[in-house]
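The structure under discussion appears below in the form of structure tokens.
The values are calculated or read from the model by the stated rules, or taken from the named source; none is laboratory data. The structure presented is a predicted model; accordingly, all values stated were derived computationally and were not measured. Note that each Cβ is placed from the backbone with ideal geometry, even for glycine, and that neighbours are counted across all protein chains shown.
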Amino acid sequence: MQANRAGNGLLSALSATSRGADVRSPTAIARPQDPRSPVSDDEPVQKPPGYRENSVDSSGGRNPLGAIGNDPPSGKGKEEEKAPASQVQDPLEGMTPIDKWGLKGLRTLMNNFPDYNALTCGLDPATLGIDMRSTEMLSTKVYSLFDDIPPRSPVPKFRLPDCYQVKNVQPIEAKISSFNEETLMWIFYSCPRDIKQQMAAAELNNRNWRWHKKMQMWLTKDDVMVPQSLGPTHERGYYVVWDTANWRKERRELMLHYADLDTTPTAQLQSIGA
């Protein structure tokens, strides 16, 4: 009985304490709070562990991937490290372009820079261990280093049938009189400084065509319209000319001076035939 009473007394004391706290709580809530921090301004503020003072100031240079790791290395430093490796010393630095690419620059490379001899003068085959006195081929598979296709025989390995070979062709001297005027014009313009050109010119002269030395063209009289004589040295009228640009005959009105016509091809042909 005494033990139960002692236990009931302890429970009663705890209940009374809790009821007293509940009664006082509204008063505590209604009490105005001090807006100032309970910590004095003079006392130093304790910072949490791991806090860095320059964390705010260095936010501008922070790694874009986050706070993990250090700032990325500057690209300028890498360029400065690679710059000396890419620089090549010019052995002809200071020379004018005329001397650099002339004999003066070549002699300077040959005398002072033996490493450039292979580029300037090439290599001596005797230093490569090749027997230059041998009559046999050095190799049967040597071809240009710049050719990606092996060399082939220029002669095809087949025989042309005899039916493709025309052997009974008469010489041009015997056939030129049977050519039309267009063929003669083609021979004249396509065979410069050749005997065929002289033969074509002579045949055109035989067909009343004349070469105008100033106008550099062939012309003949028009059979329909007779030119009008203006004196012993010249005349005026319509003539048929051979237009090389359009490769056809055209009728034009011209003032023709007889001295401008060339009549030598016939005489030259006679001398050639003789």
Search the range 157-176 for residues being surrounded by 10 or more Cβ atoms within 10 Å (Cβ to Cβ) and of a type outside the set (Val, Ile, Thr), and hand back the single one that is nearest to residue 191 (Cα to Cα). 173
First in the range 197-219 and among the polar types (S, T, N, Q), second anywhere and surrounded by 13 or more Cβ atoms within 10 Å (Cβ to Cβ) and in a loop (DSSP other than H, G, I, E, B), Cβ under 6 Å, 6 or more apart: 197/191
For residue 221, the lone unmet condition from (1) in contact with a Pro (Cβ under 7 Å, 6 or more places away or on another chain); (2) more than 24 Å from residue 255 (Cβ to Cβ) is (2)
Scope the range 199-238; condition in a helix (DSSP H, G or I), touching a Phe, Trp or Tyr at 6+ places or on another chain (Cβ under 9 Å) and not aliphatic (A, V, I, L, M); matching residues: 203, 205
Test each condition in (1) among the basic types (Lys, Arg); (2) out of contact with any helix residue (DSSP H, G or I) (no Cβ under 7 Å at 6 or more places or on another chain); (3) part of a helix (DSSP H, G or I) for residue 196 and report the one that comes out false. (2)
Counting only residues in the range 247-257 that are within 17 Å of residue 180 (Cβ to Cβ) and of a type in the set (Lys, Arg), the one surrounded by the most Cβ atoms within 10 Å (Cβ to Cβ) is identified as 249
Do you know which of the residues in the range 214-246 that are surrounded by 11 or more Cβ atoms within 10 Å (Cβ to Cβ) and of a type in the set (Lys, Arg) is nearest to residue 264 (Cα to Cα)? 221
Counting only residues that are surrounded by 10 or more Cβ atoms within 10 Å (Cβ to Cβ), at pLDDT below 80 and in contact with a helix residue (DSSP H, G or I) (Cβ under 7 Å, 6 or more places away or on another chain), give me the helices (runs of 4 or more DSSP H) lying completely in the range 51-135 with at least 2 of them. 117-120
